[in-house]
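Quick notes on the structure that follows.
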Amino acid sequence: MSKQSQQQNFVHQVIGHNKQKHRLVPQKAQGTGHAPVNIALSKYWGKRDAILNLPTNGSVSISLPGLGTETQIKPLIDSNERRDKVSLNGEILDENNPFAQRVSAFLNHFRKDKNSFFDVITVNSVPTAAGLASSASGYAALVLALNDLFEWQLADKELSLLARLGSGSASRSLFSGFSVWHQGQQEDGLDSYAEAIDTQWPEFCVGLLEIDVKQKPVSSTQGMQNTVETCALYQAWPEQANKDMQVIQNAIQTKNFTTLGKTAEHNALTMHATMIATWPPIVYWQPESVEAMHKVWQLREQGVEVYFTMDAGPNLKLLFLETEKPAVKQAFADIKILEPFKQ
Ligand code: 2P0
C-alpha cells in the first residue's frame with residue numbers, strides 16, 4: 001500500500017469516514033483551533049513507523065499556556081490556483097515553502113474531492129522551528145480547526161491520533177498541564193495517542209532560556225531518522241526512554257520534584273548523546289547552551305534546585321519550583337518564566 005493510502009486509511013478509521021461520507025463536508029463557514037506548545041520531560045526521538053508517525057518509545061510533557069498556535073481553516077472558493085492558500089504569521093506562503101507543503105500534504109487526507117482546497121491562517125506565538133515545538137502546537141491547532149469545520153466532535157483520543165499523524169509531538173499538545181503519549185504496540189497505530197495526566201502542580205515552573213531562535217539546521221524528522229539509521233548508541237535509547245517515562249509519571253503523581261528534575265535532565269542529555277553520535281553529527285548546542293548548562297550545575301551545587309531540558313535546538317528550558325524563582329531570575333536575567341498551572 002502506498003504511503004498516501006496507508007495514511008488515508010488511518011485517518012478514515014479515526015474520523016469514521018467509511019461509514020459516513022459526509023465526514024469531509026464542511027459544516028460551517030470556518031473552523032478554528034488553538035493549542036499550546038509542549039516541552040517533553042522525557043523525549044520522543046525516533047520512529048518505528050515513519051509513515052504513521054509511530055514512536056519507538058513513549059514520552060511525557062508539560063504544556064505551556066500562553067505560547068502556542070491559533071489556526072483558522074475554511075474551504076477555498078473562487079480561487080484560480082489549484083492549491084491551498086497557507087498563511088503563517090500574516091504572510092501568505094508560496095508553493096515551494098516547506099511549511100506550506102507539509103501542511104498541504106497533511107490536508108490531502110481531508111479533501112472531499114481532488115478539487116477541494118483550503119484557506120489556512122496560522123499564527124504562532126512562538127518562533128517557528130526554534131526548538132520550541134511549534135509543529136506540535138501547529139498540528140494540534142490544525143486538527144482542532146478541522147474538527148470544528150467538519151463538526152466531527154471527536155474525543156481527545158481521536159484528536160490526538162490525528163495530530164500525531166501531522167507531527168509526533170503534536171499528539172501531546174491537545175492538553176494543558178502534563179500529558180503522556182503512549183508508544184502503542186499495534187501496527188495500525190490506533191493505540192499510539194496522548195492523554196492528560198490529571199495532576200495539578202501550582203508550584204511547578206518552566207523557564208525559557210533563549211540562546212538562539214533561528215531556524216534549526218536539521219529538522220527533527222530528518223534528525224531522528226538519521227539517528228535511528230546511523231547511531232550505534234541509539235539501541236539503548238528506547239528502553240531507557242520508556243523507563244524514564246515511567247519514573248517521571250510517578251514523580252508527577254507523587255510530586256517528587258527532585259526525581260522529576262534529575263530524570264528529565266538525564267533523559268535530555270541521553271537523547272542529545274544519540275544525536276551527537278549520529279552521522280553526519282547533529283549538534284544543536286551553541287557555546288552559550290553549554291555555558292548555561294554549567295550555570296545550572298553551579299546553581300545546584302549552591303543548593304538551588306533547578307534542572308534543565310533541551311530539545312532539537314540550542315535553547316534551554318529550566319525546571320524548578322516556585323521557591324527557587326528569585327534565585328533563577330537572579331542567575332538568568334533574560335529568562336522567561338511560565339507557571340503552567342497558574343495561567
Ligand atoms: C519531543 N522532539 O519529545 C522531542 C524532543 C524534539 C526533541 O518531538 O517528525 O517535530 O514531526 O514527528 O514531533 C520533535 O519532533 O517530529 C520532538 P515529527 P516532531 O518533544
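The values are calculated or read from the model by the stated rules, or taken from the named source; none is laboratory data. Since the model is a prediction, treat every value here as computed from it, not as a measurement. Glycine also receives a Cβ, built like all others from the backbone with ideal geometry; neighbour counts cover every protein chain displayed. Surface areas here come from the heavy atoms of the whole protein model, side chains and all, with no ligands, DNA or RNA. Shrake-Rupley method; radii C 1.70, N 1.55, O 1.52, S 1.80 Å.
Roughly how compact is the range 3-196, stated as its Cα Rg over 2.2 N^0.38 Å to two decimals? Compactness ratio reported: 0.96. Using the 1.4 Å probe convention, the accessible area of the range 3-196 works out to 40 Å² per residue with neighbouring protein chains retained.
Placing unit charges on the Cβ atoms only, positive for Lys and Arg and negative for Asp and Glu, gives the chain a dipole magnitude near 600 debye about its Cα centre.
Given a 1.4 Å probe and every protein chain left where it sits, what share in percent of the accessible area of the range 16-148 is carbon and sulfur? Roughly 51 percent of what the probe reaches on the range 16-148 is carbon or sulfur. The lysines within cross-link reach of Lys74, meaning a Cα-to-Cα straight distance under 18 Å and a gap of 8 or more places when in the same chain, are Lys28, Lys85, Lys112, Lys114.
Specify the residue with the greatest mean-square fluctuation among Thr274, Thr323, Thr69, computed from a Gaussian network of the chain linking alpha-carbon atoms under 10 Å apart. Evaluated over the chain, the most mobile residue of the options is Thr323. Between Ser179, Ser135, Ser116, the GNM of the chain built on Cα springs shorter than 10 angstrom shows Ser116 fluctuating the most. Backbone geometry of the range 67-76 corresponds, through the Karplus equation with coefficients 6.51, -1.76 and 1.60 at θ = phi - 60°, to 3J(HN,Hα) couplings of 10, x, 10, 10, 10, 10, 9, 9, x, 8 Hz, x marking Gly and Pro.
In a simple Cβ point-charge model (Lys, Arg +1; Asp, Glu -1; nothing else charged), the range 1-156 has a dipole of about 580 debye relative to its Cα centre. Each residue, Thr199 and Leu269, gets one label point 7 Å from its Cα in the Cβ direction; the gap between the two is 2.2 nm. When the Cα positions of Leu208, Ile337, Thr270 are compared along the charge dipole of the range 204-338, Ile337 comes out farthest toward the positive end, with charges on each C-beta of Lys, Arg, Asp and Glu. Calculated accessible area for the range 199-282 comes out at 49 Å² per residue, all protein chains present (probe 1.4 Å; ligands, DNA, RNA ignored). Peptide packing for 120-126, 231-237, 185-191 was compared via the average number of neighbouring C-beta atoms within 10 Å per residue; ordered from the highest value, the list is 120-126, 231-237, 185-191. Under the combined filter of DSSP loop state and at most 15 neighbouring Cβ atoms within 10 Å, the range 79-120 retains these GluC sites (Glu not before Pro): Glu81, Glu95. Straight Cα distances below 23 angstrom link Lys262 to the lysines Lys43, Lys243, Lys295, Lys317, Lys325, Lys329, Lys336, with same-chain residues fewer than 8 positions distant left out. Note down the magnitude of the dipole of the range 227-327 about its Cα centre, charges +1 on Lys and Arg C-beta and -1 on Asp and Glu C-beta and zero elsewhere, to the nearest 20 debye. Around 180 debye, computed over the range 227-327.
Assuming a viscosity of 1.567 mPa s and a temperature of 4 °C, what translational diffusion coefficient in µm² per second does Stokes-Einstein assign to the chain, Rh being the Kirkwood radius over Cα pairs? The Stokes-Einstein estimate is 63 µm²/s. Springs between Cα atoms under 10 Å define the GNM used for the chain, and in it the highest mean-square fluctuation of Thr263, Thr199, Thr278 occurs at Thr199.
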